[in-house]
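Heads up, the thing below is written out as structure tokens.
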Amino acid sequence: MNQRLQRLNFIAIIIVISYTVLVVKFLSTRTIVNPLVDQIGVFLTSVGFYQIIIDVLYRIVCGSKTALKLYWGREFLDGLWYYSYVREGKDADPNKVYFGVWRFEQDLFRTKVSGIGLNDAFVVRSRVRSITDLIEVNGAYEIFNIRTDNAAPDRDFYSRSSMSFDKNGNSWLNCPVKIRGKTIIYGGVLTGDTHVDVYVKCESAKTEDDAIVMLKEHLKSLVTHANT
């Protein structure tokens, strides 16, 4: 069980203990059936109450972005991100920028990724989805994805993305708004292809189309900056 889930269960236990103490204190001054039956009733209701509290807490966290953010803290990634990258290697064009959109989805237990790579006309050229949870490695994170490229739509390939989160301030509640990473592709004509990624969170985006609009504005600003 991860530390975040342990904290949530600890909150539930504190609530149940408080409930049990109040009930026991109440029963110390009066008898409902008889002392033995009353004590059994306290135990059974405490177990049932614990299950209810856990279910309520889980539903609150999963049903509210604010609660989910509090739960994940500085590892809160849920939402849409656009990314851009340049390829590495002797055949790579340092002026060629590739880009796309990722969606991170988080619940109480795991982080998932689904994403699309886009061509220069902003048409989908590849799709990825995670096949592992985030794996922490010395303060950074890795995730393995399965990918499908339009150039070979009947075959699946794999990629590994290593990521370092840019923390938005030092507070525990300041979650990442930018991710710097490196991706390696395994399989197909792109096997061994390595690129350096920058992901930017689209705070106000509700759909992939919203994120693409923000991505276009970002790319436009890069062109303007390059021409000045």
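Derivation of every value follows stated rules applied to the coordinates shown; laboratory data play no part. Since the structure is predicted, the reported quantities are computational estimates derived from the model, not experimental observations. FYI the Cβ positions are ideal-geometry reconstructions off the backbone, even for glycines, and counts take in every protein chain you see.
Over the chain, dividing the summed -39,500 (n - 2.57) contributions of all DSSP H runs of at least 4 residues by the number of residues returns a 222 nm mean residue ellipticity of -12500 deg cm²/dmol.
For the chain, there are no membrane-span-like helices by this rule, meaning no whole DSSP H stretch whose C-alpha atoms cover at least 27 Å of axis and whose Kyte-Doolittle mean is 1.6 or above; this says nothing about an actual membrane. The simple Förster model, with R0 at 35 Å and r as the Cβ-Cβ distance, assigns Lys178 and Asn2 a FRET efficiency of 0.90. Based on alpha carbons, the Rg and Dmax found for segment 75-227 are 15.2, 46 Å. When +1 charges are put on Lys and Arg Cβ atoms and -1 charges on Asp and Glu Cβ atoms, the dipole computed for the chain relative to its Cα centre reaches about 460 debye. Remark: the Arg59-Asp107 segment gains 16.3 nm on full extension, using 0.36 nm per residue and subtracting the alpha carbon distance. In this rough spin-label picture, where each label sits 7 Å from Cα along the Cβ direction, the Arg155-Phe26 distance is 6.8 nm. Comparing Ile184, Thr66, Ala140 along the charge dipole axis of the chain, the residue lying farthest to the positive side is Thr66, per the Cβ-charge model.
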